[in-house]
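Just below is one structure, and these are the notes that go with it.
The values are calculated or read from the model by the stated rules, or taken from the named source; none is laboratory data. As the structure is a computational prediction, the values presented were derived from the model and not from experiment. We place every Cβ from the backbone using ideal geometry, glycine too, and count neighbours over all the protein chains shown. Each accessible area value is taken on the protein alone, full model and side chains, heavy atoms only, with ligands, DNA and RNA left out. Shrake-Rupley method; radii C 1.70, N 1.55, O 1.52, S 1.80 Å.
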Amino acid sequence: GVLGEMSMDMRRIWCRNLGRDDRCLSHHAREARFPFLDERVVSFLASLPLSHLADLSLPPGRGDKLLLRRVGEAVGLRGAA
């Protein structure tokens, strides 16, 4: 289910998302930074139970990226979270 999809996304992120982002940014002579793709961050997040990362009972845009949204709210990024 969801864990399988997340695992598949992590295995193909380099060709689907990062490749596309790199092409778009390179066209405009820019370079991207992806701090959330640091190996230590990814390993830590992969070790957490799904319930810490998402609440699929909430509507889209609230239940996904749950941990990131809660951290954003905790540091005062209420409009962005």
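Could you tell me how many of the residues in the stretch 56-80 are farther than 26 Å from GLY1 by Cβ and assigned to a loop (DSSP other than H, G, I, E, B)? Spell out the reasoning first.
Step one: filter the stretch 56-80 for residues farther than 26 Å from GLY1 by Cβ, giving 72-80.
Okay, now just the ones that are also assigned to a loop (DSSP other than H, G, I, E, B), so 75-80.
Of the residues in the stretch 56-80, 6 are farther than 26 Å from GLY1 by Cβ and assigned to a loop (DSSP other than H, G, I, E, B).
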## Note on the structure
Selection over the stretch 47-80 where residues are open to solvent by less than 80 Å² (accessible area, probe 1.4 Å), of a type in the set (Gly, Ala, Ser) and over 22 Å from ASP21 (Cα atoms) yields a count of 4
#### Entry: Conditions (1) of a type in the set (A, V, I, L, M, F, W, C); (2) at pLDDT 85 or above; (3) in a helix (DSSP H, G or I); (4) open to solvent by less than 90 Å² (accessible area, probe 1.4 Å): number failed by PHE44
(4)
### Query
Hey, ALA29 hits all of (1) within 18 Å of LEU68 (Cβ to Cβ); (2) of a type in the set (A, V, I, L, M); (3) modelled with pLDDT of 85 or more but one; which does it fall short on?
(1)
### the stretch 30-41 - residue that is outside any helix (DSSP H, G or I) and of a type in the set (A, V, I, L, M, F, W, C) and, of those, most open to solvent (accessible area, probe 1.4 Å)
PHE34
### Summary
Per the list (1) in a helix (DSSP H, G or I); (2) open to solvent by less than 100 Å² (accessible area, probe 1.4 Å); (3) out of contact with any helix residue (DSSP H, G or I) (no Cβ under 7 Å at 6 or more places or on another chain), residue check on ARG20 breaks on (2)
### Query
When you go through PRO35, PRO59, PRO49 one by one, which is the residue that is closer than 25 Å to GLY79 by Cα and at pLDDT 85 or above?
PRO59
